[in-house]
Amino acid sequence: MDMSVFQSAKRRGARALVLGLAAAALAACTGQAGTPIAPGTYPPGTPLGGTCKAGLYTCQLPLASPVGAPCSCPGLGAASYGQVYLK
């Protein structure tokens, strides 16, 4: 059996493991509201959300923010920017 085939499969497995661990680590990260708004300063009845959806990333915000407000999630290399959602 050709050893290069075995080594190539081993490298692919290692790469998949590293990417899986990075994704798992980012899943527990906390996002950041793009324009922090002090609680109580938005109009009554404004829907609030605690999840930021930014491209491929989804993260929890530390404080509820108005739905649709800008936010960011930590990503591999740089932050990703998106909007606040209810869930």
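Some points to look at:
- Under a 5 Å amide H cut-off, with hydrogens placed 1.01 Å from N, Leu61 pairs with Gly31, Thr51, Cys52 among residues at least 5 apart or on other chains.
- Spin-label model distance (nm) - Val67 vs Thr41, 7 Å beyond Cα toward Cβ: 2.3
- In a fully extended conformation the segment linking Gln60 and Lys87 would gain 8.8 nm over its present Cα-Cα distance, using 0.36 nm per residue.
Computed from the coordinates by the stated procedures, all read-outs in this text should not be read as laboratory data. What you see is a predicted model, and the numbers here were worked out from it, not measured in a lab. No Cβ is skipped: glycine too gets one built from the backbone with ideal geometry, and neighbour counts run over all protein chains shown.
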